[in-house]
Amino acid sequence: MKGNTAWACLLLCWLPLGAVGQILQQQFQFQQFQPGQTFLQFGNQAAKAERMPEPTSDVLEFVDGSALHGQLARMDLEHGLTWAQPEARNPIHFRPDHVDFIRFAHAQSVSMSPTCHLWFADGDDLYGSITSLDSERLGLRTWFGGSMVIPRAAVRAITLLSPNYSVEYEGPYDAGGWVVVNNSPKSWTFHDGAFIGTGPGTLGRELNLTNSCTVEFDVAWTGVFALEAGIYCDATGRLEINGGSCVVNLTPRQISLNQIQNTGMFLNMANAPVPGSEGQSRMHVAIECDKAQGTVSVFINHLLAKTWKDFGFGSGTGVMFKQQLSSSTLKLSHLKISQWEGRCEPETAALATNIDAIYFINHDRAAGKIESIQDGKARLALGEKVLEIPLERVTQMEFAAAKASTEPPSPWQVRAHFPGGGSLSFQLEKWDDKAVAGQSAIFGSLAFQPRSIREMEFNLNRPKAEGVAADNKEFEELDE
């Protein structure tokens, strides 16, 4: 058996992805029904779809990677973190210096209808609505503070969202709503904010997708992996791919797109190499499905790998992930699934610029000085000429980089991550079961309900391990 596994790994490493796809297609089972009802069975027909269990505790992770389950009781500058742990007789007290983050099991969704996504110079990002902009200040409506005014210099970019933009899912902070078809032994499990795949099996969720959508996630792996991401699938029962489903095949080196036609045919539309794949064992994937344009685009680590055109989308409304091999371990985390119409949220510039710029819906770009936003129009100065641009024609605005803040680091400087997206850093003053209080250099005094925070990040100035290989140590605790 081990010899067969090694042989499969060798094939995946050296064969073109089209050949790999043909090998993997042999695992699928087709069933023919009436026209328009043909589907591809994604899971094992002999296995029963079952819902994943809900989490029962918060997770505190330290900077060395060790973790502790339990519940946060309180935090303040005097006592530090007070952590309740079922196996401990008394609450445990920690200082924040060695804490990486706390993930909360039962955060509540934030009610908001944003019109823009703001990116700040300090790394924060928020969803809200712009009310005004001039040379010094930006007026903004937020879900946590109502209408407020902030310094313009703090803003790096503003993405204008489509009228029907919505975040349908963000996580996995728990396993609620996900259905799994496991082979024996179990292939997909939920563990501390990630789905872990250790063998062939299918994971799916019904999301009622009807518009264009973007599916983003991080994947880390050991060995060689073959993952299929299915979009516009039937995830309600047995986890099935309908005609018109979008199926993106991922291996460490290549990507391919497959379309399941109503006739039951499995159509491979082309392959593309994974950008910068040499030596990496984790990557960020974004799959953008534009129903209006009939295109599918795949981004790897925020770089466009390929765009496929003339894709005919079906009527499925869910998403699924299928682990194909038993020779590797997969870790899926930081999922975000959003819907939109007309245009999608573009990537923000990775590098700071020394000039303002506006991006248009026809993909043109104009650089100059953004003077103001008022009455639904942006004013852009191009030398002596001033353009007044209706905001409905704008996709993104970028601002010249301001001088970075030189505030000394503090162990109580934290970043809160919210359900549905967005994050905000501030100096934490107090946390109890009634309120979270702190001070932000941008927004001033802040107060939140504890359950409106999904995750709290500490030690923001500590270098993060980016692009580090996901070796077996990441998954050792799963064997306990």
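Annotations for the structure displayed:
- Fewest-first sequence of T222, T236 by Cβ atoms within 10 Å of each Cβ: T236, T222
- Working from label points 7 Å from Cα in the Cα-to-Cβ sense, the K336 to D433 distance is 3.3 nm.
- Computed E for A366/L267 - FRET, C-beta separation, R0 51 angstrom, nearest 0.05: 0.80
- Spin-label model distance (nm) - V386 vs R141, 7 Å beyond Cα toward Cβ: 2.6 nm
- Exposure proxy ranking for M283, M148, M456, based on other Cβ atoms within 10 angstrom of each Cβ and starting from the fewest, stands as M148, M283, M456.
- A Förster radius of 35 Å, combined with the Cβ-Cβ distance separating T295 from E87, puts the computed FRET efficiency at roughly 0.10.
Laboratory data are not the source of any read-out in this text; all were calculated from the coordinates shown. Everything numeric in this text was worked out from a predicted model, so none of it was measured. Glycine also receives a Cβ, built like all others from the backbone with ideal geometry; neighbour counts cover every protein chain displayed.
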